[in-house]
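This report concerns only the one structure given below.
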Amino acid sequence: MKKVLLAIFGVAMLVGCQPKSYEVTGTLEGATSERVILKKIEKGQPVNVDTTEMVNGVFTFAGSVDAPEIYIAVVDGKQQPAVFFISNDKINITGNVDKLSEIEVTGSELTDILTQFNDEIPGQDRTQELQQEYQMAYMSQDADKQKVIQEEMQAIMEDQRAYFKNFVDANATNECGLFLALNMAGSLDLEELRELVAKFEPTMAAHPYFKEMNDLLGPLEEFEKAQAATAEGAVAPDFTLNTPEGETVSLSSFKGKYVLVDFWASWCQPCRQENPNVVKAYKSFNTKGFEVVSVSVDRDAEAWKKAIKEDGLTWTQVLATEESGVAKAYAIQSIPSTFLLDKEGKIVAKNLRGTALEEKLAELLN
């Protein structure tokens with residue numbers, strides 16, 4: 001029993017001795033009394049945490065963190081910051097004030113992992129060479145050489161993507177891996193993001209980076225639902241929006257006719273170029289049971305009204321504000337985007353351009 005008690009007491013002593021604060025000490029050659037700003041990265045943006053003055057090239061920051069995170073130290077007058085992880089430990093930074101990207105950090109295992117990641121990215125030197133070679137090929141108008149360089153660059157990028165993914169997989173239990181995963185998350189589709197979240201959830205669920213990554217799922221899941229709701233064969237989501245005169249119009253009020261729901265904006269050049277084709281189709285098929293509902297995503301109501309007049313759009317016009325959620329409901333990522341509905345409100349075709357709209361309407365109405 002005495003041994004057990006001693007063991008428990010020893011564990012308690014170890015837990016009690018764990019540092020609850022950090023101390024970052026930097027020694028930079030070539031520096032004198034410049035100001036140093038400590039910043040943390042929150043949602044991809046630097047946020048000021050602390051400021052201090054260097055004395056004879058030495059600076060110190062002290063504080064505490066709930067969890068290890070990536071920080072940067074910015075020296076006045078220097079564009080390149082020092083990048084490192086802060087945990088509740090004693091961390092030492094050494095280097096040259098003019099080469100902050102090459103600092104050496106001790107006392108931070110996570111920074112060691114990040115340094116390893118950066119040092120081992122494949123093709124870094126070759127990428128710089130290829131950029132110079134491509135510029136020369138472009139200046140000499142050597143199309144064949146440009147193509148060869150582009151192909152080599154593509155191969156390097158594929159290697160780098162594979163390296164990135166493998167490194168994250170190998171570091172799924174630490175904050176550095178989580179930070180890199182968060183940076184990768186924005187380029188993933190929904191299933192890939194779900195897999196990434198599941199990979200880190202067992203050990204990192206409480207970390208701010210995990211919560212930020214997990215929050216990315218919501219918009220992607222909404223977009224997936226919207227895509228399903230606006231697939232061909234689905235009944236188009238109903239909406240009620242305001243006309244330029246302030247009257248409300250519902251899409252469902254057009255049942256019994258073929259309807260083109262046309263998302264556009266006054267500032268969208270491709271939309272304005274497509275409008276004459278819609279005008280022509282409307283004139284040809286309106287008397288046969290065809291209607292158009294143009295849904296503008298403009299934020300400038302006056303510019304919207306002016307474009308309607310300039311382009312001769314004589315059919316129903318409504319404005320979809322961001323608050324209305326109509327563009328999200330239709331999974332709109334770019335404009336123009338169009339949806340052709342049958343008499344029951346089902347989507348029969350999408351994004352018909354040029355003469356394709358008239359050809360489809362002729363098939364349906366003649």
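Kindly evaluate S296 against the criterion of being surrounded by 13 or more Cβ atoms within 10 Å (Cβ to Cβ) and closer than 24 Å to E359 by Cα. If you could, list the steps in order and put the result at the bottom.
On the way: surrounded by 13 or more Cβ atoms within 10 Å (Cβ to Cβ): yes; closer than 24 Å to E359 by Cα: no.
Criteria not met by S296.
Report whether or not F239 is buried (at least 16 other Cβ atoms within 10 Å of the Cβ) and farther than 22 Å from S334 by Cβ. Show your work before the answer.
Values: buried (at least 16 other Cβ atoms within 10 Å of the Cβ): yes; farther than 22 Å from S334 by Cβ: no.
Answer is no for this residue.
Considering only the stretch 17-27, how many residues are in a strand (DSSP E or B) and farther than 21 Å from E102 by Cα? Give the derivation first.
Start the filter on the stretch 17-27 by keeping residues that are in a strand (DSSP E or B), which leaves 22-27.
This time we only want the ones that are farther than 21 Å from E102 by Cα, so: 22.
Here the count works out to 1.
With V83, V75, V55 as the choices, which residue is of a type in the set (A, V, I, L, M) and under 25 Å from the mean Cα position of the chain (by Cα)? Can you show your working first?
Working: V75 fails: under 25 Å from the mean Cα position of the chain (by Cα); V55 fails: under 25 Å from the mean Cα position of the chain (by Cα).
The conditions single out V83.
Considering only residues that are part of a strand (DSSP E or B) and either surrounded by 15 or more Cβ atoms within 10 Å (Cβ to Cβ) or in contact with a helix residue (DSSP H, G or I) (Cβ under 9 Å, 6 or more places away or on another chain) (or both), which ones fall in the stretch 28-45?
Going residue by residue through the stretch 28-45, those that are part of a strand (DSSP E or B) are 28-29, 35-42, 45.
The answer is L28, V36, I37, L38, K39, K40, I41, E42.
Is the stretch 171-189 home to any residue that is in contact with a helix residue (DSSP H, G or I) (Cβ under 7 Å, 6 or more places away or on another chain) and surrounded by fewer than 14 Cβ atoms within 10 Å (Cβ to Cβ)?
Pass one, the stretch 171-189, residues in contact with a helix residue (DSSP H, G or I) (Cβ under 7 Å, 6 or more places away or on another chain): 171-182, 184-185, 188.
Okay, now just the ones that are also surrounded by fewer than 14 Cβ atoms within 10 Å (Cβ to Cβ), so 173.
Scanning the stretch 171-189 turns up at least one residue that is in contact with a helix residue (DSSP H, G or I) (Cβ under 7 Å, 6 or more places away or on another chain) and surrounded by fewer than 14 Cβ atoms within 10 Å (Cβ to Cβ).
For E274, indicate whether it is among the charged types (D, E, K, R), crowded, with 18+ Cβ neighbours inside 10 Å and touching a residue at least 40 places away in the same chain (Cβ under 8 Å). Before the answer, list the steps.
On the way: among the charged types (D, E, K, R): yes; crowded, with 18+ Cβ neighbours inside 10 Å: yes; touching a residue at least 40 places away in the same chain (Cβ under 8 Å): yes.
Yes; evaluated as a whole, the condition is true for this residue.
Within the bounds of the stretch 117-132, is there any residue that is closer than 30 Å to F59 by Cβ and in contact with a strand residue (DSSP E or B) (Cβ under 8 Å, 6 or more places away or on another chain)?
no
Considering only the stretch 70-181, give the strands (runs of 3 or more DSSP E) lying wholly within it that have at least 1 residues that are touching a residue at least 60 places away in the same chain (Cβ under 8 Å) and either of a type in the set (A, V, I, L, M) or over 30 Å from E29 (Cα atoms) (or both). Can you show your working first?
On the way: elements: 82-86, 90-96, 104-106.
In the stretch 70-181, the matching strands (runs of 3 or more DSSP E) lie at 82-86, 90-96.
Return the only residue of G256, G289 being exposed (fewer than 15 other Cβ atoms within 10 Å of the Cβ), in contact (Cβ under 8 Å) with a residue 40 or more places away in the chain, in the same structural domain as I332 (by TED's automatic domain parsing) and in contact with a strand residue (DSSP E or B) (Cβ under 8 Å, 6 or more places away or on another chain).
Going through G256, G289 in turn, the sole match is G289.
Consider A62 carefully, then state whether it is among the hydrophobic types (A, V, I, L, M, F, W, C) and exposed (fewer than 15 other Cβ atoms within 10 Å of the Cβ).
Numbers: among the hydrophobic types (A, V, I, L, M, F, W, C): yes; exposed (fewer than 15 other Cβ atoms within 10 Å of the Cβ): yes.
Answer is yes for this residue.
Do the conditions hold for A67, that is, is it farther than 16 Å from G177 by Cα, touching a residue at least 12 places away in the same chain (Cβ under 8 Å), of a type outside the set (D, E, K, R) and surrounded by 14 or more Cβ atoms within 10 Å (Cβ to Cβ)? Spell out the reasoning first.
Details: farther than 16 Å from G177 by Cα: no; touching a residue at least 12 places away in the same chain (Cβ under 8 Å): yes; of a type outside the set (D, E, K, R): yes; surrounded by 14 or more Cβ atoms within 10 Å (Cβ to Cβ): yes.
For A67, the condition - farther than 16 Å from G177 by Cα, touching a residue at least 12 places away in the same chain (Cβ under 8 Å), of a type outside the set (D, E, K, R) and surrounded by 14 or more Cβ atoms within 10 Å (Cβ to Cβ) - is not met.
Name the strands (runs of 3 or more DSSP E) wholly inside the stretch 289-366 in which the number of residues that are over 17 Å from V235 (Cα atoms), modelled with pLDDT under 95 and acidic (D, E) is 3 or more. Break it down stepwise before answering.
Values: elements: 290-296, 316-319, 337-341, 347-350.
Output list is empty.
Out of (1) loosely packed, with under 15 Cβ neighbours inside 10 Å; (2) under 16 Å from D119 (Cα atoms), what's the single condition that is false for M139?
Of everything listed in (1) loosely packed, with under 15 Cβ neighbours inside 10 Å; (2) under 16 Å from D119 (Cα atoms), M139 misses just condition (2).
Give, as residue ranges, the helices (runs of 4 or more DSSP H) completely inside the stretch 182-267 that count at least 1 residues that are at pLDDT below 95 and under 30 Å from A349 (Cβ atoms).
On the way: elements: 190-204, 208-215, 217-229.
Counting at least 1 such residues, we get 190-204, 217-229.
The values are calculated or read from the model by the stated rules, or taken from the named source; none is laboratory data. Everything numeric here is computed off the predicted structure, so don't read it as measured data. Virtual Cβ from ideal backbone geometry, glycine too; neighbours counted across all protein chains shown.
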